[in-house]
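Have a look at the structure below before the remarks.
The values are calculated or read from the model by the stated rules, or taken from the named source; none is laboratory data. Predicted, not measured: the structure shown is a model, and the values here were computed from it. Glycine gets a Cβ as well: all are built from the backbone with ideal geometry, and neighbour counts include every protein chain shown. These area figures cover heavy atoms from the full protein model, side chains too; ligands, DNA and RNA do not enter into them. Shrake-Rupley method; radii C 1.70, N 1.55, O 1.52, S 1.80 Å.
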Amino acid sequence: MKKLSLYFHFPFCVKRCRYCDFVSYPRRDRHTHLKYKKAVFQEIALKVEEEGLRGSELSTVYLGGGTPSLLFSEDVEEILNYLRHFFAFSSSIEITMEVNPETVNGDKIRAFREAGINRFSVGVQSFNPHFLCFLGRSSSLEQIENVLSCMGKINCSSWSLDLLYSLPFQSFLEWQREVESALVYHPPHFSIYDLTFSPRVPLYQFAKRHPGIFPSSDEEALYFEWAMERLDSEGYRHYEISNFAQPGAECRHNLNYWSDGEYLGVGTSAWSYLGGRRQKNTSSLKNYFTRLREGRTPLTFQEELAPHQKLTEDIMLRLRTEEGVKTSYLLAQYKREEVENKLKCLEFLSKEGFIIKEEERFYLSQKGMLVANQIFQEILD
Amino acid sequence: MDRSKIRNFGIIAHIDHGKSTLADRILEICRVVPKEKMKEQFLDRMDLERERGITIKAKAVRMEYFSPRDGEKYILNLIDTPGHADFSYEVSRSLAACEGVLLVVDASQGVEAQTLAHARLAVSQGLVILPVINKIDLSSADPERAMREVEAILGEDHLPFTLVSAKLGTGVEELIEKIVQFIPPPQGEDSPFLQALIFDSIYDSYRGVIPFIRVKEGKIKKGMEIMMFSTRKSFSVSEVGVFTPERTEVDSLGPGEVGYVVANINQLEDSQVGDTITSSSHPSPSPIPGYRKIKPLVFCSFYPVSYEDHSKLKEALERLQLNDAALSFEADFSEALGFGFRCGFLGLLHMDITQERMEREFGVEVVATAPHAVYHVLTKKGEVLEVRSPKDFPPPSEIEEAEEPYVEMSITVPAEYLGGVMDLCQSRRGIFKDMIYLSEKFVLLKYDLPLAEILLDFYDRLKAVSRGYASLDYEFAGYRPANLVRVDILVNREKVDGLSFISPEENAYYRGRELISRLKELIPRQLFTISLQAAVGGKIIAREDIPALRKDVLQKCYGGDITRKRKLLEKQKEGKKRMKAVGKVKIPQEAFLAVMKSEK
C-alpha cells in the first residue's frame, strides 16, 4: 500500500506576526473557518481522484498554519473522519497540530487530544516578553506557561517547542535563559530557528535600517553551538539542522520531507510532492474558494523534477538530517555517472571537515551544519 | 566685409559666474534671438551642460549691432569657450580666434582659480581684457572686493570695470558699447594665402564633420580646394557660412570673419582643433602657431553593467567620439568585469561627462574602473614603455627609471582654510610653488602635484577641507622622474591582476595595507580562511586574514520550503559565478573597483 503524509493548512491567525512569511489572514469569523474547512474537503476529494490516492496509507497528518488551534476540537474530529473516507490510517499514525498559546487552554488541548491529535507543536518563540512584543506575537508569557504546563499531563506521544534566536540586542545570557526556561517543561522535541526575514514582511525594512542591532554571525554561531551542547547534555539528538529530539520523539512528518517521501498538501499555499512532481496551491483565499466552487484544483505551480535536479535535492535534504545520505542508496536510485560527480564533491567537502564520511554514509559535521547553505551551494549543479 | 567693423570676443568666467546668462542678454540686445524664443542659456545646448552649468564645447554666434553712439553697424562674433581645466587646450584655441575677452567675475564670489588661469592665458595671447563684475543685484554682492581681486591679477593698468547684472540686463548695453570701443578689429590681409584656424567642429550625420573657423588671412569660399595643414589632406568646399545662430550660408569668409566650412570631411581626425586650413593651390608657407595633437592623460575602463549592453556601449562611444576628438577608446578585457573598453580622457571632468552622457543619451549603464595616469618607464634593457595599466608596469628589478605626469595646480581659497588645503596638497606629494594674497581674505596657492594624486578624490577632499570655498584649476606640467613601484595583491597567495596598482615607493606599504583592509570588508566571508597580502616585487609588505564563515543563515526547510530554498540557493550560486574565482576564493566586482579609491 502506498504510504503518504498529509499536510492541512489553516491560514487564519489572531493577528499576523511581524516576521512571519506564511500565508495567513486575520482571524475572520467562524463562518469563514467553516467555509474554508468545507472547501478543503472538496479539494481532498478532487486531489484523491486526480492523483489516484484513494486507499493510500497515511503515516502522518500535520495541521499547520496560520493558527490551526483556532479550530474547535469538533472540527478536528470531523477532518480526521473525513480523511478516513479516503485513506487508511497507519496504526502508528502521527497527527500533529501547531498550537499558538493565545488560542487554547488546558481543556481545549485535552479536547484536541481526545479528537485524535497525538503530537503538538507549541509556537513559543521566546520566554522574554520584550521579544514577544518585538515579534508581534499575540501570546503572553502567562498563556505560554499555561499551555506548556499542561503538555506534560495529556499523555501524547510527543510534543515540540519552537524557539527563535538572533533577536535584536539578544545577549548570550538571554539566549541561555530562553533555552533553560524551555527545558523546565521537558519537551521531547525542540525546533530552533534563527530569525530571518523575507523582503515581504514588515520587519524586513526595520532590519535593513538597523543591521547592527542583531547578533553577528559569529555570535549566532556561539549561541547555536551552545544550544547544541546544552541539549546534547540533556539527551536530545540533533537529528536535523533546526530540530532536536529525545530518542523516538522525532517528527516523522518532517522526516518524510527530508527523505524523498510523498505528501499531499491541502489548503491555501500548501505544497504537495507526488510522483516526482512538486505542486503548489494558490495563496489567495479568494482564488482558493473560487477554484473549488468551479470544481477545479487550486494549483498555481507545478514542476516535474529532472533526474539530476531530483538527485541534488535528495542529497541536500538528506544532508540536513543526522542520518545523512548513503552511497548505496544514491546508486540504487540514480544514474551512476551523476552520482559519482556528487560523491566527488562530498569527498572534497569531507576532506575540508564540513562533512563526515563513515563508511558509505555522508553527514554534516557540526561545523558543516552551521554553514549548510554554503555547503549546499557547492553541491548544486 | 569691412574688417574694421568686426569684433571677435570670448567670455572667461568661472562655473556659475553667469557667463551663459550674460551671453543670452547680449544675444537678446542684438536681436539674434527674440526674447520670447530665448531658451534660457542659449549657448549651452546639451541638457547636461545646462544642468551642470558648464559649457563643454565651444560654439560661436554672429550678431549685428547698431551702435547708438556712432550709428554704425558692427558684426560681433561671440566665441564661447569651454569652462573646465580639462579643456584648457581648446580654450586656448578659442581665444586664439578672438581679439579680446570679457573677464566675468561674480560680485559675491570673487576671483576663482579657473578665472585666473584663463585670464593669464588671454594675457599671454595678447588679448584685450574687459573686466566685468556680474551679479551686482545680489544682496551678498561685494563688487569692491571682486574689483580688488581682479586688479591683483591684471595689475593697476587695466581697462575700466563694467558692473552688470546679466540676470536683470543692467549695464549690458554699456558693456556692448565697450566691446565695440575697446576690442580692436581683426588684423589680417587679403593675401593669396588662406590661413583659417579651426577652433571647434561638430559632426552632422548628413554633411560630415563641420569645422568652425576663424579666418586669419585670405579668403575661403564655395568650390575652393582646401588643405588641412597637419594631415596635408585636401577637401573641396561645398558651403561656407556663419552662425546666426543657425547655420546660414554666405558667399565667402574673409580675414577676421568667423564661420563654418562644409567640405565633405568624414573623419574627426581631419578637423583637429588648432589646425590650420589653407588653400591646396596656394598653400600658406606656415601654419597658425599653437597647434597641438590632443593626447589623453587619464585612462579608465568602462564595462557594461549587463553583458548584453556591450554593443550598445561600443556604439555610444563611437557616436560620442564623432564630436569629441579628445576621447579615445580600445577594446579591453578584465577577468572580473568581462569585456569592456579602455578609454582615454583629457581629465576627470571629461571622464565624468562622458560616462554621464553615455547613461543619459544612450541609456547604457557602465561600471567605470578607477582612473589612472599614463606612466613612462625606461627599462634596463633600454626600452621606453608607456604604461596605461598597472598590469603592464614592470617589476622593480627591470626598471631603470620611471616618470609620472605632473600638473601645475592653482587653488584659490579663503585664508581661514589655507592650512587644511596646504595639508591636503602636502599629503598628496605636492610641491609648494607660490602663495599670493588676492585680497586680505583670499589666497592663491600654487602647487605642482602628480596627476595620479588628483585623479581620485582630490576635488572632493578640497571641497571638504575648505567647506566648499576653494576652487582649483590645473594645467599639465610634463613628466617628472618618480620612484614608483607596482603593488600586487595576493589572495590566498595567488596574484590577482585587477587588484594591482602603482604607487610611489614610500607610500606602498601604507596604501597596500589600506587596500587590504578595505578588501577585507568587501570580500564576503567564505568557507575557508582567506589570506590577503600586498607585495612589491615578490616581497610581502602587508597581510590580513578574512576568517572563515562560521555560521550562515540556517532556516527551516519543510514541505513548502523546498522549491523556494533550491531556487534561492541556485540564485546565490549564480551570484557567486559572477564573482571572480581565485583558487577557491570568490571576489566580488566591488573589490576591483575599490582599488585606488583613496583613503579618508
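Among the residues of segment B:89-114, those identified as touching a helix residue (DSSP H, G or I) at 6+ places or on another chain (Cβ under 8 Å), more than 14 Å from B:H14 (Cβ to Cβ) and either surrounded by fewer than 24 Cβ atoms within 10 Å (Cβ to Cβ) or at pLDDT below 90 (or both) are B:S92, B:G100.
Matching residues to (1) crowded, with 19+ Cβ neighbours inside 10 Å; (2) at pLDDT 80 or above:
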residue	(1), (2)
B:T529	no, yes
B:G559	yes, yes
B:L568	no, yes
B:K571	no, yes
B:V582	yes, no
B:M596	yes, no
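Could you go through segment B:528-546 and let me know if any residue there is within 30 Å of B:A464 (Cβ to Cβ) and touching a residue at least 60 places away in the same chain (Cβ under 8 Å).
No, because not a single residue in segment B:528-546 is within 30 Å of B:A464 (Cβ to Cβ) and touching a residue at least 60 places away in the same chain (Cβ under 8 Å).
If you go through segment A:216-263 and keep only what is among the polar types (S, T, N, Q), without any contact (Cβ under 8 Å) to a residue 12 or more places away in the chain and within 9 Å of chain B (Cβ to nearest Cβ), you end up with just A:S217. Residues in segment A:236-269 that are in contact with a helix residue (DSSP H, G or I) (Cβ under 9 Å, 6 or more places away or on another chain), closer than 16 Å to A:T96 by Cβ and part of a loop (DSSP other than H, G, I, E, B): A:G261, A:G267.
Counting the residues of segment A:227-258 that are open to solvent by 50 Å² or more (accessible area, probe 1.4 Å) and farther than 21 Å from A:L317 by Cβ gives 8.
Checking A:K15, A:K47, A:K38 one by one, the residue that is open to solvent by 20 Å² or more (accessible area, probe 1.4 Å) and touching a residue at least 60 places away in the same chain (Cβ under 8 Å) is A:K15 and no other. Restrict the check to segment A:345-356 and report whether at least one residue is more than 14 Å from chain B (Cβ to nearest Cβ), over 24 Å from the mean Cα position of the chain (by Cα) and surrounded by 14 or more Cβ atoms within 10 Å (Cβ to Cβ). Within segment A:345-356, one or more residues are more than 14 Å from chain B (Cβ to nearest Cβ), over 24 Å from the mean Cα position of the chain (by Cα) and surrounded by 14 or more Cβ atoms within 10 Å (Cβ to Cβ).
Okay, residues lined up against (1) of a type in the set (S, T, Y); (2) within 23 Å of A:K280 (Cα to Cα):
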| site | (1), (2) |
| --- | --- |
| A:Q42 | no, yes |
| A:A45 | no, yes |
| A:L70 | no, no |
| A:Y82 | yes, yes |
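Residues of segment B:347-399 that are aliphatic (A, V, I, L, M) and assigned to a helix (DSSP H, G or I): B:L348, B:L349, B:M351, B:I353, B:M358. Among the residues making up segment A:189-206, those that are more than 10 Å from chain B (Cβ to nearest Cβ), under 25 Å from the mean Cα position of the chain (by Cα) and more than 14 Å from A:F131 (Cβ to Cβ) are A:H189, A:F190, A:F197, A:P199, A:R200, A:V201, A:P202, A:Y204. Residue check: B:I294 meets all listed conditions (1) under 17 Å from the mean Cα position of the chain (by Cα); (2) assigned to a helix (DSSP H, G or I); (3) aliphatic (A, V, I, L, M) but one, namely (2). For A:I213, state whether it is open to solvent by less than 50 Å² (accessible area, probe 1.4 Å), away from every other protein chain (no Cβ under 14 Å), among the β-branched types (V, I, T) and in contact (Cβ under 8 Å) with a residue 24 or more places away in the chain. Yes, satisfied. Taking segment A:159-182 as the range and being within 24 Å of the chain's Cα centre (by Cα) and acidic (D, E) as the test, the residues that pass are A:D162, A:E178, A:E180. Selection over segment B:265-288 of residues that are buried (at least 18 other Cβ atoms within 10 Å of the Cβ), of a type in the set (D, E) and not in a loop (DSSP other than H, G, I, E, B) gives a count of 1. For segment B:187-235, a tally of residues being of a type in the set (G, A, S) and either in contact with a Gly (Cβ under 7 Å, 6 or more places away or on another chain) or assigned to a loop (DSSP other than H, G, I, E, B) (or both) returns 6. Exactly one residue out of A:A207, A:A182 is modelled with pLDDT under 95 and hydrophobic (A, V, I, L, M, F, W, C): that is A:A207.
Residue pairs whose Cβ atoms lie under 7 Å apart, separated by 6 or more positions or on different chains, with the first residue in segment B:400-412 and within 15 Å of B:D448 (Cα to Cα) and the second outside any strand (DSSP E or B) and among the acidic types (D, E), are B:T412/B:E112.
Residue by residue through segment B:479-501, note down the ones that are open to solvent by less than 20 Å² (accessible area, probe 1.4 Å) and modelled with pLDDT of 90 or more.
Answer for segment B:479-501, where residues must be open to solvent by less than 20 Å² (accessible area, probe 1.4 Å) and modelled with pLDDT of 90 or more: B:L484, B:V485, B:V487, B:D488, B:I489, B:V491.
I want to confirm something. Restricting to segment B:1-29 and keeping residues that are open to solvent by 30 Å² or more (accessible area, probe 1.4 Å) and among the acidic types (D, E), which single residue is nearest to the chain's Cα centre (by Cα)? Result: B:D16.
Checking each residue in segment A:261-272 for being open to solvent by less than 10 Å² (accessible area, probe 1.4 Å) and not small (G, A, S) picks out A:Y263, A:L264, A:V266, A:T268. Total residues in segment B:395-417 satisfying the condition of being buried (at least 19 other Cβ atoms within 10 Å of the Cβ) and out of contact with any helix residue (DSSP H, G or I) (no Cβ under 9 Å at 6 or more places or on another chain): the figure is 2. Of all residues in segment A:357-381 being among the charged types (D, E, K, R) and more than 9 Å from chain B (Cβ to nearest Cβ), which is surrounded by the fewest Cβ atoms within 10 Å (Cβ to Cβ)? Taking the candidates together, the pick is A:E359. Would you confirm whether or not segment B:138-153 contains a residue that is surrounded by fewer than 16 Cβ atoms within 10 Å (Cβ to Cβ), assigned to a helix (DSSP H, G or I) and not aliphatic (A, V, I, L, M)? The answer is yes, given that some residue of segment B:138-153 is surrounded by fewer than 16 Cβ atoms within 10 Å (Cβ to Cβ), assigned to a helix (DSSP H, G or I) and not aliphatic (A, V, I, L, M). Would you call B:S252 surrounded by 18 or more Cβ atoms within 10 Å (Cβ to Cβ) and more than 27 Å from the chain's Cα centre (by Cα)? Here the answer is no, as B:S252 does not meet what is asked.
The numbered conditions (1) away from chain B (no Cβ under 14 Å); (2) at pLDDT 95 or above; (3) over 20 Å from A:S242 (Cα atoms) are all true for A:N341 except (2). If you filter segment A:69-86 down to residues that are hydrophobic (A, V, I, L, M, F, W, C) and open to solvent by 10 Å² or more (accessible area, probe 1.4 Å), you find that the one that is farthest from A:K15 (Cα to Cα) is A:F86. Screening A:T290, A:T300, A:T282, A:T312 for residues that are away from every other protein chain (no Cβ under 11 Å), farther than 30 Å from A:Q246 by Cβ and surrounded by 19 or more Cβ atoms within 10 Å (Cβ to Cβ) leaves exactly one candidate, A:T282. Keeping to segment B:241-263, report how many residues are farther than 21 Å from B:E99 by Cβ and either free of Cβ contacts under 8 Å to residues at least 12 places away in the same chain or touching a Gly at 6+ places or on another chain (Cβ under 7 Å) (or both). Going through segment B:241-263 one residue at a time, the tally reaches 5.
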